[in-house]
Amino acid sequence: MTNFPGSYPQTRLRRTRKSPWVRRLVAENKLSVDDLIWPLFVADGDGSPQDVDGLAGVQRLPIESLKDTARQAFALGIPALALFPFVPDELKTPDGDEAINSDNLICRAIAEVKSAIPEIGIITDAALDPYTTHGHDGLLRDGEIVNDRTVERLVEMALQAAAAGADVIAPSDMMDGRVGAIRNALEKAGRHDVAIMAYSAKYASSFYGPFRAAVGSRKALSGDKKTYQMNPANSAEAAREVSLDLAEGADMVMVKPGLPYLDIVRLVKQQFDVPTFAYQVSGEYAMLKSAASAGALEFDACLLETLMAFKRAGCDGVLTYGALEAARLLAD
Ligand code: PBG
């Protein structure tokens, strides 16, 4: 810590706050559209976009509107989208077989968005939860989420997503060893161009509720995810997770949720100094939206303030449902 010289009245910090020009000059962090990743939900069919329970401002989009939305994002300069599928109950099975159907919704969505707007980055999750009848991210055997067999399935998902045109695979399942397994399989398939953004420090959080409604896993989920997602009480363990994922070949790491875990972002950035991201999750976005609709706060200003907080903590970028809104505000 710097030992600051000076004291009042020689030093008056308000002098560097007195007008916009000087505030701009001394700003320590900058938020720009380059920092934004926009998570989007895709649904099958050619109907109209569907609202998501508990997630005002977010809709599930059929592929055609997804493409239009991606064009809007690209026009505003948003670098990348993270795509998630809504899987109807009929397609869910205990082992999540639809996840490895190479013609499934997410693969079709990736391919279509990529061919419509090749310049925008496409990130996609590797995890089974949208596809399983029990809503878990892995295979369930005798009441246990089994690790290594789940990893095999994630590898297949990753290869398919890469073949469909995904630029980045984001394993969000928290199985041990999945980053290395996916990296090796991509290498073997000649896909060294495909990157991995690891959900490295993903916590067993209660802030994911609206997301689970959006992908259709909320009512399916039996029990909790505490045997694979991290305990919110831990931070040293986050560093171990990041370290393993980097050793296994992760290009970028992520902390999730976002705002309640900024201490973890700071720790990861300081300790590893690698591309570090945070996910401002569905429950966080829903809190802002509902507080705003209750008249308690102003959405736009609060959204930008939260995003700046991520930058200050050390994020290189943020996954946020508010990406388009933020991009518009930043463009003004
Ligand atoms: C699936 C996944 C989840 C989120 C992203 N990928 C939910 C979960 O792990 O239960 C949460 C995102 C959000 O809440 O916005 N593995």
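The values are calculated or read from the model by the stated rules, or taken from the named source; none is laboratory data. All figures in this text were calculated on a predicted structure; none of them were measured in a lab. Backbone-built Cβ (ideal geometry, glycine too); neighbour counts: all protein chains shown.
Quick notes on this one:
- Residue list for the range 299-322, restricted to those being within 10 Å of residue 35 (Cα to Cα) and basic (Lys, Arg): 311
- Unmet requirement for residue 332, which otherwise passes all of (1) more than 16 Å from the ligand (Cβ to nearest atom); (2) at pLDDT 95 or above: (2)
- Annotation note: Cβ proximity below 9 Å between a residue of the range 39-56 that is on the phi < 0 side of the Ramachandran plot and of a type in the set (S, T, N, Q) and a residue that is outside any strand (DSSP E or B) and within 13 Å of the ligand (Cβ to nearest atom) (sequence gap 6+ or interchain) occurs for 50/86.
- The set of residues in the range 80-94 being buried (at least 18 other Cβ atoms within 10 Å of the Cβ) and away from the ligand (no atom under 16 Å from the Cβ) consists of 91 alone.
- 3 or more residues under 27 Å from residue 141 (Cα atoms) and either within 11 Å of the ligand (Cβ to nearest atom) or modelled with pLDDT of 95 or more (or both): qualifying helices (runs of 4 or more DSSP H) within the range 189-293: 209-215, 236-247
- Residue match in the range 148-161 (condition: among the small types (Gly, Ala, Ser), in contact (Cβ under 8 Å) with a residue 40 or more places away in the chain and surrounded by fewer than 24 Cβ atoms within 10 Å (Cβ to Cβ)): no
- The residue list 165, 143 contains one member that is farther than 24 Å from residue 243 by Cβ and without any contact (Cβ under 8 Å) to a residue 12 or more places away in the chain, which is 143.
- Scanning the range 125-143 for residues that are buried (at least 24 other Cβ atoms within 10 Å of the Cβ) and over 16 Å from residue 161 (Cβ atoms) yields a count of 3.
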